[in-house]
Structure formats: C-alpha cells, structure tokens
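Computed from the coordinates by the stated procedures, all read-outs in this text should not be read as laboratory data. In this text the structure is predicted, and so the values were computed from the model without any measurement. Cβ placement follows ideal geometry from the backbone for every residue including glycine, while neighbour counts extend to all protein chains displayed.
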C-alpha cells in the first residue's frame with residue numbers, strides 16, 4: 001500500500017515518490033496521511049515533515065516553511081515556499 | 001582618404017569589438033539554457049497553486065469581508081505599475097520594450113483620469129521613467145547585488161507591495177515584464193496582480209464530485225494563500241524576464257557579431273585597395289624617375 005507523495009517548492013519539484021505515510025505539521029495539529037485518505041486541504045505551520053518510507057522504518061525529516069497540503073485522488077501534494085533536508 | 005595606418009587601427013578595433021560581442025553571445029546562450037530550466041522547474045508549483053486557487057475561489061463569494069487582496073479597496077483611482085527590468089544592457093530592445101509598454105499604459109490610465117505610480121524592479125529603465133514621470137516613482141527594488149533574482153527576491157517584492165497596498169498607497173497594481181516565447185521573440189506583457197484576479201476554474205474536472213475537507217475553513221486558507229499566490233506570480237514573471245533577457249541578448253549580440261564581420265570585410269577591401277594604390281604610385285614615380293635620366 002503506497003501513498004503517492006509530492007513535495008513542490010517554487011524553485012523545483014523536490015520529491016515525487018511512493019511512500020508509506022507522511023506526517024504533516026498542520027496549523028491545527030499534526031496529521032498523518034496514509035493511502036486512501038479522504039480529500040483534504042490544510043495550511044501548514046513551519047516545521048518538520050516526516051516521511052515514512054516503510055511501515056516500521058525511521059522517518060526522514062524535511063523542514064518546510066510556509067505552505068499547504070492537499071490530499072486528492074492522486075495522493076498527497078505539499079506546496080511549500082522553502083524546503084530543506 | 002584615410003591612411004593605411006588609420007585603416008589598420010580601425011580594423012583592429014572592430015575586431016576586438018567583435019570578440020566582445022561573440023563572447024557575450026555565448027554567455028547569453030549558456031545563461032538562456034539555465035534560465036529556461038529554472039522557468040521549467042517553477043512551473044509545477046505555479047500550476048498547482050493556480051488550480052487550488054481556482055477551486056477555492058469558485059467556492060467563495062466575494063463580499064465586503066473578503067480579504068482585501070481579493071476584493072480590492074473599493075476604489076479604482078490610484079494605479080501602481082510594477083515594471084520589471086534587468087540590470088544589464090547589451091540585450092537589444094529588451095528593456096526599452098518593457099518600459100514602452102509601461103509608459104503606454106500609464107498614458108492610457110492618465111487619460112482615463114486615474115493617477116499613476118511606479119514601482120521599479122532592476123536598474124535599467126529607471127532613467128526613462130523618471131524623466132517622463134519624475135514624481136511618480138513610489139519605490140524601486142534593487143537587484144544589482146544578486147546574480148539571478150530568485151524566490152527570495154520575489155518574496156521581498158511581494159511583501160513590499162502588500163505593505164504599500166495595506167497602507168492604502170494604491171488600489172490596483174499591474175505588473176510589466178517580458179514573456180519568453182523563444183530566443184527570437186519576447187513579448188512585453190501586462191498583468192494585473194492586485195487585487196488578485198481569480199484564476200479561471202479550468203480545473204473543475206480534477207475534483208469533480210469529491211467533497212474536500214478544509215482545515216481551517218476555506219476563507220482562512222484563501223487568505224493565507226493570496227500573498228503566496230502573489231509571490232508566485234512575481235516569481236514567475238522574474239523567471240520569464242530572465243529567460244527573455246538572455247534570449248534578447250543572444251539575438252542582439254548575434255546581429256552585432258555579424259555586422260562587425262561585414263564591417264571588417266569592407267575595411268579590409270578598402271585597406272588592400274589603398275595599399276595597391278600606394279604601390280602603383282611608387283612604381284610610377286620610380287619609372288618616371290628612371291626615364292628622366
């Protein structure tokens with residue numbers, strides 16, 4: 001079960017891959033997105049985005065700043081102004 | 001008639017000019033490739049953002065309580081013209097075309113009885129606009145100390161614009177830049193940026209039927225997205241401008257190199273002719289001298 005995840009900044013497409021789960025630092029609390037999540041849109045506060053490639057693996061962290069996340073039929077898209085990691 | 005030495009000097013000076021224009025042409029070609037790649041890389045973000053904006057604004061009706069960036073100030077009297085130029089010349093008519101478009105728009109707006117202010121990005125074009133509208137330059141943004149204007153610059157410009165807007169300095173803002181079509185053609189373009197024009201809802205098919213949850217609600221998200229959308233628009237314009245500048249520069253320098261080649265050819269022919277004439281005169285003199293003996 002894989003979630004299609006894209007991280008886009010104005011300068012480039014940072015990530016486009018299949019992952020297990022992504023934890024987003026939403027403005028109203030952290031939330032984990034798995035495959036098959038309901039359509040959803042939220043703004044993001046500055047903080048680490050945790051990417052779990054496998055179910056039990058250690059997460060990879062990407063610090064993002066100024067952005068929002070959208071979950072649609074084709075997976076999760078995070079638009080951020082700055083991303084590093 | 002110019003002496004041989006003078007001609008030789010001129011040929012040499014044109015030759016060194018040609019070297020410069022050729023070097024500039026090659027630099028522009030390399031930079032153009034880079035600028036095009038940057039413009040390409042920025043496209044997914046702009047596209048996504050426009051889609052989201054479209055689907056959001058189709059769900060919200062603009063009222064007096066809507067964010068002012070979307071609804072406008074309610075007035076339509078002071079127009080701000082944001083003119084994006086480059087810092088360097090040697091790019092043919094690139095800068096003057098943008099300035100010309102801005103000045104035409106300024107005259108049109110003034111004829112409609114509106115007042116016009118300018119916000120200038122880049123060093124070129126400042127002189128022309130300040131000569132035509134000496135008191136209308138509100139602010140200018142300096143890009144001389146950065147090599148390639150990037151998202152950070154776009155961010156700063158957008159922040160300054162939003163601040164000026166919130167201080168009530170202007171009602172409508174238009175952005176002037178050069179749209180990159182290909183290396184030969186660049187199109188001076190005018191685009192309204194404030195109030196933010198709602199993107200066309202072309203993406204209606206992407207979320208047809210899906211009930212999307214919003215967190216926080218639509219209006220708050222929209223309010224958060226508007227400044228970002230503005231930044232992206234400015235960033236896109238800066239990228240287009242950069243590619244256009246390099247394209248225009250490449251074309252202009254190609255022409256200059258060719259003209260210099262023609263000039264060198266003409267001067268060389270003239271040089272050889274006068275050299276031959278000098279030899280002939282000398283021979284005639286010697287023969288005449290020998291005959292006189």
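The alpha carbon centroids of the stretch A:12-85 and the stretch B:120-162 are separated by 35 Å. Of all DSSP-defined beta bridges confined to the protein assembly as shown, some 65% are antiparallel rather than parallel.
Of all DSSP beta bridges confined to the stretch A:3-84, the antiparallel ones make up roughly 90%.
Only Cα pairs within less than 10 Å get springs; with that Gaussian network setup on chain B, which residue of B:231, B:34, B:135 has the largest fluctuation? Ranking B:231, B:34, B:135 by mean-square fluctuation puts B:135 first. Take every pair of alpha-carbon atoms less than 8 Å apart whose residues are at least six positions apart; their mean separation over the length of the stretch B:36-248 yields a relative contact order of 32 percent. Computed from Cα atoms, the angle from the helix B:94-111 axis to the main principal axis of chain B rounds to 50 degrees.
For chain B, taking Cα atoms only, Rg and Dmax work out to 28.0, 115 Å respectively. The stretch B:231-287 and the stretch B:23-85 have Cα centres lying 39 Å from one another. Mind pulling the angle between the C-alpha long axis of helix B:151-166 and the longest principal axis of chain B? Nearest 10 degrees, somewhere in 0 to 90. Approximately 60 degrees, to the nearest 10. Summary value for chain A: 30 percent relative contact order, contacts being C-alpha pairs under 8 angstrom separated by 6+ residues. With a simple spin-label model that places each label point 7 Å from the Cα along the Cα-to-Cβ direction, the separation between residue B:265 and residue B:75 comes to 6.2 nm.
From helices alone, chain B scores -21000 deg cm²/dmol at 222 nm; the rule is -39500 (n - 2.57) for each run of n ≥ 4 DSSP H residues, then divide by the residue total.
For peptide B:41-50, how many partner chain Cβ atoms fall within 10 Å of a residue's Cβ, on average?
5
Can you give the mean number of other chain Cβ atoms that lie within 10 Å of the Cβ atoms in peptide A:2-9?
Average per residue, whole number: 2.
Restricting attention to chain B, close to 35% of DSSP beta bridges with both partner residues there are antiparallel.
What FRET efficiency, computed as 1/(1 + (r/R0)^6) with R0 = 45 Å and r the Cβ-Cβ distance, is obtained for residue B:17 and residue B:152, rounded to the nearest 0.05?
Details: r = 37 Å, r/R0 = 0.82.
Once the sixth-power term is evaluated, E becomes 0.75.
Here is the P(r) of the stretch B:142-293: all C-alpha pair distances, binned every 10 Å from 0, give 8, 21, 21, 15, 9, 7, 7, 6, 4, 3, 1, 0 in whole percents. For chain B, the longest principal axis of the alpha carbon atoms and the long axis of helix B:4-41 meet at an angle near 20°.
Over the Cα atoms of the protein assembly as shown, each weighted equally, I'd like the Debye log10 I(q)/I(0) at q = 0.08, 0.15 Å⁻¹, rounded to two decimals. So the normalised log intensities work out to -0.55, -1.28.
Applying 1/(1 + (r/R0)^6) with r as the Cβ-Cβ distance of residue A:23 and residue B:58 and R0 = 35 angstrom yields a FRET efficiency of 0.70.
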